[in-house]
1. Report, by residue number, each residue of region 2-18 that is under 8 Å from the mean Cα position of the chain (by Cα) and part of a helix (DSSP H, G or I).
2. Across the chain, which residue is modelled with the lowest pLDDT among those that are out of contact with any helix residue (DSSP H, G or I) (no Cβ under 6 Å at 6 or more places or on another chain), surrounded by 10 or more Cβ atoms within 10 Å (Cβ to Cβ) and charged (D, E, K, R)?
3. Taking region 22-40 as the region of interest, how many residues are without any contact (Cβ under 8 Å) to a residue 24 or more places away in the chain and part of a loop (DSSP other than H, G, I, E, B)?
Amino acid sequence: MRILVLGNGLMGPAAAFNAMLDPDFAGVTLCDRDEGQLEAAQANR
């Protein structure tokens, strides 16, 4: 299963991180209109 996380405020990166730990998920994609939020989420993986 793959998921798309829309918005990377406080909860988006946490949800993506938890999904990446679950072996049932084959892929996790983050999406946000603020590129800075995406860079911050990538730096904290």
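1. The answer is G12, P13, A14, A15, A16, F17.
2. E39
3. 4
The values are calculated or read from the model by the stated rules, or taken from the named source; none is laboratory data. All figures in this text were calculated on a predicted structure; none of them were measured in a lab. Backbone-built Cβ (ideal geometry, glycine too); neighbour counts: all protein chains shown.
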